[in-house]
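Asker: Right, I'll just put the structure down here and ask away after.
Since every read-out is calculated from the coordinates, none of them should be taken as a lab result. Predicted, not measured: the structure shown is a model, and the values here were computed from it. Here Cβ is always computed from backbone atoms with ideal geometry, including for glycine, and neighbour counts include all displayed protein chains.
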Amino acid sequence: MDYETQEPRHSLEGLVIAFLDCAGIRPDTVSPEHVELYEKLLREECLELLDAKGPVNALKESCDVGYICACLNVILSWLQVRNSGFSFDGFSPATEILLRVAREGIQLVRDTMGRPVLEEAMRRVHASNMLKFQNAKGFTWKRSGEESLQKVDKGPRYEPPHLDDLVSSWKAGIEDDDRPLFVSKAFDSDSVH
C-alpha cells in the first residue's frame, strides 16, 4: 500500500506513486513546481502522441500520456491534502487543446486494441520507466527542450517497453505505416496561437 491513497502498487495510481517515490516526489515533498513540471511533460507527451506513426508507437505514446496524467492526479491530490489552501486553476488553453486531442487518441487506441492490451502496455511502460532508476548512482535529472524541461535521465540499464507482441495480438485493421494515426476534430491550427 502507498501513502494516504492506500492504493495497491499494481493499480495505475500505485504504479505512478512508486515512480514518483523513486523520483523523490512524496506527499511531504510535493510542491506546486511539480505541477508545472508535469504540465510541461504532459504537453510534450501529447505532441508525441499526435505525431505517433504506426500502432506500436501510438500504443506507447498513449501509455505515456496516461502515465503523466496519473502522475499529475496524484501530485494534485497530495497538494490538496497537504495544503487546504492550495487551488488549481486548470491548465493553459494550449495544454487543454492538446489534452482533448490526446484523450481522443487514447480512446481510439483503447477502442481499437481493447482495454486489456492498453492495461498490459501501461504495466510495461511503467516497468520501463522504473529502469531509469536502476543504476548504482540512483538517478539524475536532465534538461530537455527549449523550456529546460527536467526529466529523469534514462540510466544505462534503461530499455524501452516492448509492445510489438501486444499490437500483433490485436485484430483491428490499422496498417503499420508512416502515416499519423490521429487526426482530430478538436485540433484546429487556427485556435492554437
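Asker: Sum up the charges of everything whose Cβ sits under 14 Å from the Cβ of Ile106, counting Lys and Arg as +1 and Asp and Glu as -1, but leave Ile106 out. Provide the component values of the computation, followed by the final result.
Answerer: Working: positive: Lys60, Arg100, Arg103, Arg110, Arg115; negative: Glu45, Glu48, Glu61, Asp64, Glu104, Asp111, Glu119.
Once all neighbours under 14 Å are counted, the net charge is -2.
Asker: Excluding Pro32 itself, what net charge comes from residues whose Cβ is under 12 Å from its Cβ, given Lys and Arg +1 and Asp and Glu -1?
Answerer: On the way: positive: Arg82; negative: Glu33, Glu36, Glu39, Asp89.
After counting each charged neighbour, the total is -3.
Asker: Set the Förster radius R0 to 30 Å, insert the Cβ-Cβ distance between Ser11 and Phe88 as r into 1/(1 + (r/R0)^6), and round the FRET efficiency to 0.05. Mind dumping the intermediate values first?
Answerer: On the way: r = 23 Å, r/R0 = 0.75.
Here the calculated transfer efficiency is 0.85.
Asker: Right, something else. Could you compute Rg(Cα) / (2.2 N^0.38 Å) for the stretch 1-116, with N its residue count?
Answerer: Values: Rg = 14.8 Å, N = 116, 2.2 N^0.38 = 13.4 Å.
Normalised Cα radius of gyration, the stretch 1-116: 1.11.
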